[in-house]
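Written below as structure tokens is the structure these notes are about.
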Amino acid sequence: MTHINELVEQHIREHESRLKHIDELLQRTRKAGDQDVDAELEEVKRDREQLYEHIQQVKKTPEYWAKKALDKAGPMGVWDAVAQRLENLVESMERKTGPK
């Protein structure tokens, strides 16, 4: 396996790990069940789906990702922003209702 292919595989694993984290946070929001944040949750879910589609595209066209592999400001920044937004939302909901 070439170094570029290894980088692509590493980025795919990182993205899948972030997707799992987002899914875990979404599960926590379901448990908290705060209707005041439903609109924001729907927006986060749409962002999550876009990120999922991005992973699928990378898997189909690794040569494209190989060109972007060293660009940390791209999709990784999006992942971090979505996860941070969701973490803040979960914490806010849990403060209102208490952890479940």
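Please treat every number below as a calculation from the coordinates, not as lab data. Just so it is clear, the model here is predicted, and its values are computed rather than measured. A quick note on method: Cβ atoms are made from the backbone with ideal geometry, for glycine too, and the neighbour counts reach across all protein chains shown.
Summary of values
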quantity	calculated
Ranked by how many other beta carbons lie within 10 Å on average, peptides 21-27, 55-61 from highest	21-27, 55-61
Segment His3-Gln50, length gained on full extension (0.36 nm per residue, minus Cα span)	14.2 nm
Full-extension gain in nm, Arg85 to Asp34, via 0.36 nm per residue minus C-alpha separation	16.8 nm
